[in-house]
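The values are calculated or read from the model by the stated rules, or taken from the named source; none is laboratory data. Please read these numbers as outputs of a predicted model, since none were measured by experiment. Reconstructed Cβ throughout: ideal geometry from the backbone, glycine too, with neighbour counts over all protein chains shown. In case anyone asks, the SASA skips ligands and DNA or RNA and just uses the protein heavy atoms, side chains included. Shrake-Rupley method; radii C 1.70, N 1.55, O 1.52, S 1.80 Å.
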Amino acid sequence: MQLSPIVQTLKPSATIAAAARAKELKSTGVMVYEFTLGEPDFTTPRHICDAAKQAMDDGATHYTPATGIPELKQAIANAYKADHGLEYGINQIAVSNGAKHSIHNVLTALCGPGDEVIIPTPYWVSYSALVELTGATPVLVETTEESGFCLAAEDLAEAISHRTRLLMLNNPCNPTGAAFPIETLEAIARVIVEKDILVLSDEIYEKLIYEGSSFKSFATFGDDVVERTVIVNGVSKAYAMTGWRIGWTLAPVELTAAITRLQSQQTSNPCSISQHAAIAALSGSQECLADMLARFAERREYVLQRLAKLPNISYVEPGGAFYAFFNVSQHFGRPLGGGKVVNNATEFCTALLEEAHVALVTGDAFGAPGYVRLSFATSMEILEAGFDRLEAFLTV
Ligand code: PMP
Ligand code: GLU
């Protein structure tokens with residue numbers, strides 16, 4: 001079949017593909033230690049599920065306005081006012097089918113052939129693919145372990161050309177866990193204003209910040225920054241609601257209107273029942289957040305202890321999100337557990353899955369050759385057993 005040129009070269013999401021490979025092996029009866037998907041293992045808190053049931057009983061089972069009901073937009077605006085002191089009107093908010101969809105909307109509304117979008121590496125897998133889908137060109141700017149994987153303002157300034165439309169910034173970052181220091185963010189914000197480009201600030205992990213790190217929304221650096229900022233966020237990570245598919249953008253009115261037109265032609269509204277669940281998440285008790293964060297913090301501590309003992313790897317301690325990202329390139333070109341020799345991170349992940357039944361995601365998918373990502377959004381038991389196997393695989 002003749003597919004469109006843009007889809008012919010489109011790869012599947014590497015995170016989802018890695019999870020599918022692990023599942024396939026599992027289906028053959030093998031116990032697989034799964035660290036692929038960035039998805040909280042907790043069930044969605046009870047009061048959120050109850051709100052969804054109530055919504056169904058109340059008949060909230062019809063189309064809603066294309067970018068969501070006003071009550072949800074108001075709950076989002078209230079949350080940003082309470083959390084960050086930011087004032088957003090509901091005409092600046094568009095709710096979509098998950099933050100991934102929100103990102104797609106923003107890029108589709110802003111970019112086309114000939115445009116450039118700056119993406120610091122390592123980046124979340126879908127960033128470059130979604131830019132390419134618009135016909136625009138991703139311009140990758142490398143960040144390193146030495147800088148804690150934080151984009152330097154000078155490197156950003158250097159990468160900006162007359163074709164640059166926007167910077168895609170993810171803080172805290174998937175896959176590195178980097179939580180940007182406030183001064184670094186502010187320096188980036190100054191470049192954005194000076195060069196007059198836009199920023200897509202993906203803040204979906206904002207609630208998952210560990211001791212010693214802090215978070216500030218990109219839009220808090222002044223009115224001249226707000227008018228150039230599109231915040232992307234959602235309920236997937238903070239409230240363990242990945243399956244409900246609710247994400248949103250906070251953006252200038254004109255862009256929000258464009259996203260609304262786009263979504264009205266494209267998908268119509270996100271699930272009506274999920275919208276009511278999201279209101280309960282944002283407006284109800286936030287105790288569940290603290291509980292889940294405490295569990296993630298325990299797992300992070302454990303992961304750090306285990307990483308410190310793995311031979312010949314390097315890493316930066318994650319300040320946020322739930323990923324450990326480490327460099328395994330010193331293990332390339334020599335026999336590993338099972339006798340396999342691997343030459344890159346993708347081969348490493350394949351051998352690790354086949355030989356030790358441990359599933360990680362290759363750094364190649366995140367624009368970071370030599371690295372692998374481990375999601376610690378899973379139980380302590382799985383982490384313990386998985387690390388035992390990983391350690392044995394590396395200690396030959
Ligand atoms: N941005 C980042 C950085 C992510 O890790 C994810 C998780 N898939 C998303 C956006 C999208 O989240 P969702 O579509 O589940 O809201
Ligand atoms: N964001 C998650 C991850 O990076 C979910 C999978 C996806 O949407 O790519 O694993």
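Assorted remarks:
- When each of TYR323, TYR302, TYR315 is tested for being within 16 Å of ligand 1 (Cβ to nearest atom) and modelled with pLDDT of 95 or more, the lone residue that passes is TYR323.
- The residues in the range 360-376 that are open to solvent by less than 10 Å² (accessible area, probe 1.4 Å) and either within 15 Å of ligand 1 (Cβ to nearest atom) or within 17 Å of ALA178 (Cα to Cα) (or both) can be counted, and the count is 9.
To keep it simple, each residue is scored yes or no on (1) open to solvent by less than 20 Å² (accessible area, probe 1.4 Å); (2) under 19 Å from VAL199 (Cα atoms); (3) within 14 Å of ligand 1 (Cβ to nearest atom).
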| position | (1), (2), (3) |
| --- | --- |
| GLU71 | no, no, no |
| ALA77 | yes, no, no |
| HIS84 | no, yes, no |
| ILE93 | yes, yes, no |
| CYS111 | yes, yes, no |
| ALA129 | no, yes, yes |
| THR137 | no, yes, no |
| ALA153 | yes, yes, no |
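- When SER214, SER236 are screened for being part of a loop (DSSP other than H, G, I, E, B), of a type in the set (S, T, N, Q) and in contact (Cβ under 8 Å) with a residue 60 or more places away in the chain, only SER236 passes.
Here is a yes/no grid of residues against (1) of a type outside the set (Lys, Arg); (2) closer than 22 Å to THR242 by Cα; (3) within 16 Å of ligand 2 (Cβ to nearest atom):
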position: ILE6; (1), (2), (3): yes, no, no
position: ILE16; (1), (2), (3): yes, yes, yes
position: LYS53; (1), (2), (3): no, yes, no
position: THR61; (1), (2), (3): yes, yes, no
position: ILE69; (1), (2), (3): yes, yes, no
position: GLN74; (1), (2), (3): yes, yes, no
position: LYS81; (1), (2), (3): no, no, no
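- Residue check for THR36: polar (S, T, N, Q), under 22 Å from LEU293 (Cα atoms) and either touching a helix residue (DSSP H, G or I) at 6+ places or on another chain (Cβ under 7 Å) or more than 16 Å from ligand 1 (Cβ to nearest atom) (or both): yes
- With respect to the conditions (1) over 21 Å from PHE322 (Cα atoms); (2) open to solvent by less than 10 Å² (accessible area, probe 1.4 Å), VAL226 falls short on a single one, namely (2).
- Yes/no for ILE192 being over 30 Å from ALA277 (Cα atoms), crowded, with 22+ Cβ neighbours inside 10 Å and away from ligand 2 (no atom under 16 Å from the Cβ): yes
- Yes/no for THR249 being of a type in the set (S, T, N, Q) and out of contact with any strand residue (DSSP E or B) (no Cβ under 9 Å at 6 or more places or on another chain): no
- Pair list, Cβ under 8 Å, 6 or more apart: the range 113-127 residue farther than 23 Å from THR144 by Cβ and of a type in the set (S, T, N, Q), other residue at pLDDT 95 or above and more than 9 Å from ligand 1 (Cβ to nearest atom): none
- Residues of the range 244-254 satisfying the condition of being over 15 Å from the mean Cα position of the chain (by Cα) and surrounded by fewer than 23 Cβ atoms within 10 Å (Cβ to Cβ): PRO252, VAL253, GLU254
- Residues (part of a helix (DSSP H, G or I) and open to solvent by 10 Å² or more (accessible area, probe 1.4 Å)) located in the range 377-392: MET380, GLU381, ILE382, GLU384, ALA385, ASP388, ARG389, GLU391, ALA392
- Count of the range 320-350 residues, restricted to those that are of a type in the set (Gly, Ala, Ser), more than 30 Å from ASP41 (Cβ to Cβ) and in a loop (DSSP other than H, G, I, E, B), is 1.
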